[in-house]
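Inspection log for the structure reproduced underneath, given as structure tokens.
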Amino acid sequence: MKKIALALLVALLSACTTPAPHLDHSLTARSQSPRVKFIVIHYTVSDLPRSIKILTEQVVSSHYLLTDTDKPKFYVLVDESRQANHAGVSNWKTYTQLNVSSIGIEIVNPGYKDTPEGRLWYPFPQAQIDELIPLLKDIQARYNIAPENILGHNEIAPQRKQDPGPLFPWRQLADAGLIVWPDANRVATQRLIFEQQVPDAVWFQKKLAQHGYATPTTGVFDEATRNVLIAFQMKYRNKLFDGTPDGETAALLEVLTTPAPAVATK
């Protein structure tokens, strides 16, 4: 009886076993690219213990969390091969829903506080930036990420986000060769032109969209367009980021979206 039962069990197990597929890895398609095409930088708006709790126990997450300790370090919270939920509803150029194509880096920073004198933003200690830049260089090199695809959360979601804020030192990233920075001489020349006559809303909306922002095409300086201008100004002109479409902002946009003229050689 036991032998019959054992035979039946073996037969059932054999029937339920799916044969392993035969996988031939001898061929490789030319048309392919890494999943990761963007790096998105955030601040946590919380202290370290709360940031850890939020990013490990709640619905939001990031690949890396940079601490604000005396000697900052990174917690690796999500493997780069997996999606982290840090970007939310987001757009950049032709891409949407950037969670699927980005690496998210959260930096412990309180963000800002509102006071009777106005909003005060918290700076990023240099020790954090010194720790951040090598990681950015490593990720950029491994995935061949274009400089224009290293972004702040507010750039991919300008209608609802402000991080990493106006005190994030983008210029240091430019000096490290990570992002493109507008040439000061070209900006000065263009500014003289644009301050004579500031371009209209259509021009700004087209240029902002060309740079990469999801920008309205209303032809008027509505609130949504101003929010995009604020995100742009926070990055490239952080001393004044009120969303006003002035000559300096136009000059910065023109330089960033127009290749430098070729230099004649003998």
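Points to keep in mind about this one:
- Full extension of the chain between Thr96 and Asp114 gives 3.3 nm of extra length, using 0.36 nm per residue less the Cα-Cα distance.
- The charge dipole of the chain, taken about its Cα centre with unit charges on the Cβ atoms of Lys, Arg (+1), Asp and Glu (-1) only, comes to about 880 debye.
- If R0 is 30 Å, the Cβ-Cβ spacing of Val89 and Thr69 corresponds to a FRET efficiency of close to 0.40.
- Too-long pairs where the Cα-Cα distance tops 32 Å, listed order kept, from Lys71/Lys113; Lys53/Lys206; Lys207/Lys239: Lys53/Lys206
- Seen against the Cα atoms of the chain and their longest principal axis, helix 184-194 is set at about 60 degrees.
- Most to least packed among 129-142, 19-32 [average Cβ atoms within 10 Å]: 129-142, 19-32
- Ranked by the mean number of other Cβ atoms within 10 Å per residue, highest first, peptides 206-219, 146-159 order as 146-159, 206-219.
- Net charge dipole, the range 150-262: roughly 180 debye, given to the nearest 20, about the Cα centre with Cβ charges of +1 for Lys and Arg and -1 for Asp and Glu.
- Label zone at Asn238, where the point sits 7 Å out along the Cα-to-Cβ direction: the range 102-123 residues whose backbone N lies under 15 Å: 107-113, 120-123
- Net charge, Lys71 excluded, C-beta distance under 14 Å - Lys, Arg +1, Asp, Glu -1: -3
- For peptides 57-66, 169-178, sequence by mean Cβ density within 10 Å, most packed first: 57-66, 169-178
- The range 172-212: C-alpha gyration tensor shape, a/c 1.5 cut-off, then a/b vs b/c: oblate
- Positive-end residue, the chain charge dipole about Cα centroid, Cβ charges, pick of Ser31, Asn227, Ile179: Ser31
- FRET efficiency for the Leu135 to Gln58 pair, using the beta carbon distance and R₀ = 22 Å, is estimated at 0.40.
- The 3J(HN,Hα) values that the Karplus relation (6.51, -1.76, 1.60; θ = phi - 60°) gives for the range 23-40 are, in residue order, 10, 9, 9, 7, 10, 9, 6, 5, 7, 7, 7, x, 4, 7, 10, 9, 10, 10 Hz. Gly and Pro appear as x.
- Using the Cβ of Val89 as centre and a radius below 13 Å, the other residues enclosed give a net charge of +2, where K and R count +1 and D and E count -1.
- About its Cα centre, the dipole of the range 74-222 is roughly 300 debye, where the only charges are +1 on Lys and Arg Cβ and -1 on Asp and Glu Cβ.
- Each of Arg142 and Leu23 was given a label point 7 Å from its Cα along the Cα-to-Cβ line. The distance between the two points is 2.0 nm.
- Dipole of the chain computed with +1 at Lys/Arg Cβ and -1 at Asp/Glu Cβ about the Cα centre; of Pro19, His42, Ala87, farthest Cα towards the positive end is Pro19.
Computed from the coordinates by the stated procedures, all read-outs in this text should not be read as laboratory data. All values reported here derive from a predicted model rather than from experimental measurement. Note that we place each Cβ from the backbone using ideal geometry, even for glycine, and neighbour counts take in every protein chain shown.
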